[in-house]
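Scroll down for the structure; my scribbles are underneath it.
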Amino acid sequence: MIGGDNTIKMDKKTIIGLLLMVAVFVGYSFYVSSEQEKVAQTTAELNKPIDEYQIIKEAELKEQQRIKSEKELAEHGLNNRSKAKSEIIDVKNNYMTISFDTKGGKITGAELNKYTRYAADQRNELVNLIKPGSAYFGIDLQMGENAFNTDDFIFDCIGPIASEDGTSATVIMTLPLDELTEEDPEHAYIKYIYTINNTGDESKDYLVDFDLEQKNLEKYLVSSNEIILWWRNKSMHNEKSFTNESTASTIMFYSHSEDESDEIEADGSREHHRNLDWIALKQQYFSSVLIAKSVVHGGLCFWTGDEKNPEFVKNFEARVIIPHAEGQLNHEFAFYYGPNDYNVLSNITFQGRDYHVDEIIPMGGWLIGWLNRYLTIPIFNWLKDNGLGFGLIILILTIIVKLIILPLTYKSYMSTAKMRAIRPEMEEINKKYPNKDDAMKKQQALMELYRKAGVSPMGGCLPLLIQMPILWAMFRFFPASIELRGESFLWADDLSSYDSVLDLPFSIPFYGDHVSLFALLMAISLFGYSYISYKQQAATTAGQPGAGVMKFMMVYFMPVMMLFFFNSYSSGLCYYYFLSQMFTMLIMYIIRRSVDDNKVRERLLANASKPRKKSKFQQRYEELLKQQQEQLNREQRRQRR
């Protein structure tokens, strides 16, 4: 019988295996047949007789369109402007070099004098916020049946014209849209007026004032009540980690009517937003921002570059819609080309107004942002201004944070110690109510024990929850801090990016192709902290359902997960978390040595003997437990019937 049963089982497995093989074979046959059909169809398309008439017809249509376009351009005196050679004009101040191109009258380069790119382990090339040759900036025009864009034409250039005090220089780009004649003396034109400041103030000198002046433009606009301005650019790969830089690069916008900033989704779709004060082509540590005196509307999208060929990170495109009233001569804007430095962005004003451009920096929500703006950044800047190295600054910042949350750490430990002290009484209650049906009674008894002893079961969790905003503030601060960019410490050559002590010949999924020593130290310290914390809580959790799972998640899983997550993250942040865990373990050791568990138990037993008035929370909680117990009893009686 045993042999017969095994034979039957083997036959079933064989049949299932054969069916799977047949299914795979049939599926593969269909796939191959489908691919062959596609190839045959493509081959037939390539080999079918050429329709010479159709080719000639299409060529004639294209030629007619070209002739029409050139005729329209010639009528407006623009034919030569689409073919003439362009000229590049460079204007420098203390912080950047702005390059202008007469083709399109646009800014085609924004090179920052203080910052260098990370390339092949070297930093010998200045950061340029515009990839050379990628800039596109122009207004849509309609001339007859044909559509044009001002980026296709050569502008007349005047300048740079320096101011008398030398604090600014002006470049004027002009595009006449028709010829000045006796029949039409009021000719139309577009004029771009750029002003570059040189005051020595970063918040002013990273700005380029941009005035859009026009005359009789309405007859050439696609829509008479709006000017459609296209702003496109490719962001160059400036940082060590392509992945981190790509993740941080996006298009952001701000609306003062809603008093909030936001960013578009990364799915490549175009988003439309109205009443915007500024639009930012944001990179990880730098941004190009268009600031409008009057609100604009925007159709915004971007595409990600290829990591295998990281020439550029993101391809940005903004369709800026400028509300325009007939006869309105000027529209005032400003460009910001500079670092995502809070000290710079928070002091930017335009036309006497604060535009909150500092919201480009990911500080966190209102609470986390408040902590970073008014606690972390002032302390960090004060330490930096005193000439300290960044490794020492992070160490001191860690000590300051630990001192601030020390009372919470002590309270959390004492709550755990109290729970350990009443463990014998808790075990007695567990023995008294061993059945699941008595879960409500057991909970009521435990609550009564906590009340008499003066113990809060949430006392150990609440202080930790209160600490979370500070930990999260550090998590947001370090990767966004441009001060750490390019700064070395010990074996890390850039605290804003990952450190690598070993480059792997392969890439591990979710981990990467390198070994970050700071991330490894952080994971080891987290394991040590988790192990010590679990050992302290083991006395109160022993025998409880899920204790083994909790130990695995807390002691083993979390450190490994954090190692994988932080291996490609900021080494400055990993260094901070490593120090934070080490100081926490030291503080816990000192508290442990100074607290006598026997004395804690004596105090709790003394408290239990004293009459205590129930708090309103305890009264409501006990009433809720009674209602649940009554409902459970009714359900049990109903089942017995």
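Would you please name the residue that is farthest from the chain's Cα centre (by Cα), looking only at residues in region 200-214 that are outside any helix (DSSP H, G or I) and closer than 14 Å to K92 by Cβ? Here the residue is G200. If you go through region 285-303, how many residues are more than 12 Å from Y355 (Cα to Cα), open to solvent by less than 10 Å² (accessible area, probe 1.4 Å) and part of a strand (DSSP E or B)? Total satisfying the criteria: 9. Does P434 satisfy the condition of being open to solvent by 20 Å² or more (accessible area, probe 1.4 Å), modelled with pLDDT under 85 and not in a helix (DSSP H, G or I)? For P434, the condition - open to solvent by 20 Å² or more (accessible area, probe 1.4 Å), modelled with pLDDT under 85 and not in a helix (DSSP H, G or I) - is met.
Select from region 572-584 the residues that are among the hydrophobic types (A, V, I, L, M, F, W, C), under 17 Å from S497 (Cβ atoms) and out of contact with any Leu (no Cβ under 7 Å at 6 or more places or on another chain) and write down the one among them that is surrounded by the most Cβ atoms within 10 Å (Cβ to Cβ). Checked region 572-584; the qualifying residue surrounded by the most Cβ atoms within 10 Å (Cβ to Cβ) is C574.
Of the strands (runs of 3 or more DSSP E) lying entirely inside region 100-152, the ones with 2 or more residues being at pLDDT 90 or above, touching a Lys or Arg at 6+ places or on another chain (Cβ under 6 Å) and surrounded by 15 or more Cβ atoms within 10 Å (Cβ to Cβ) are found at 136-143.
The lone criterion from (1) under 18 Å from L177 (Cα atoms); (2) surrounded by 20 or more Cβ atoms within 10 Å (Cβ to Cβ); (3) modelled with pLDDT under 90 left unmet by K83 is number (2). Of the candidates Y531, Y569, Y589, the single residue that is over 20 Å from Y450 (Cβ atoms), assigned to a loop (DSSP other than H, G, I, E, B), modelled with pLDDT of 80 or more and open to solvent by 40 Å² or more (accessible area, probe 1.4 Å) is Y569. Hey, among L329, L345, which residue is out of contact with any helix residue (DSSP H, G or I) (no Cβ under 7 Å at 6 or more places or on another chain) and not β-branched (V, I, T)? Testing whether each residue is out of contact with any helix residue (DSSP H, G or I) (no Cβ under 7 Å at 6 or more places or on another chain) and not β-branched (V, I, T) leaves just L329.
Residues in region 219-242: is at least one over 27 Å from the mean Cα position of the chain (by Cα), more than 25 Å from V344 (Cα to Cα) and in a helix (DSSP H, G or I)? Yes - at least one qualifying residue is present in region 219-242.
So that you can scan it fast, the table gives a plain yes or no per residue for (1) farther than 19 Å from F137 by Cβ; (2) under 23 Å from the mean Cα position of the chain (by Cα); (3) among the polar types (S, T, N, Q):
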| site | (1), (2), (3) |
| --- | --- |
| I322 | no, no, no |
| H331 | no, no, no |
| A334 | no, no, no |
| N340 | yes, yes, yes |
| I348 | yes, yes, no |
| H356 | yes, yes, no |
| P362 | yes, yes, no |
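Quick check on this structure: which one of S168, S257 is open to solvent by 60 Å² or more (accessible area, probe 1.4 Å), without any contact (Cβ under 8 Å) to a residue 40 or more places away in the chain and under 38 Å from the mean Cα position of the chain (by Cα)? Going through S168, S257 in turn, the sole match is S257.
Would you point out the residue of region 332-349, among those that are part of a strand (DSSP E or B) and either free of Cβ contacts under 8 Å to residues at least 60 places away in the same chain or open to solvent by less than 50 Å² (accessible area, probe 1.4 Å) (or both), that is farthest from G109 (Cα to Cα)? By that ranking, first place goes to F333. Residue pairs whose Cβ atoms lie under 9 Å apart, separated by 6 or more positions or on different chains, with the first residue in region 381-393 and assigned to a loop (DSSP other than H, G, I, E, B) and the second among the aliphatic types (A, V, I, L, M), are L388/I396.
For region 350-367, the candidate set comprises residues that are of a type in the set (A, V, I, L, M, F, W, C) and part of a helix (DSSP H, G or I); within that set, the residue that is nearest to T247 (Cα to Cα) is I360.
The values are calculated or read from the model by the stated rules, or taken from the named source; none is laboratory data. Since we're looking at a predicted model, the values are computed, not measured. Backbone-built Cβ (ideal geometry, glycine too); neighbour counts: all protein chains shown. Heads up: the accessible areas ignore ligands, DNA and RNA and are worked out on the full protein's heavy atoms, side chains in. Shrake-Rupley method; radii C 1.70, N 1.55, O 1.52, S 1.80 Å.
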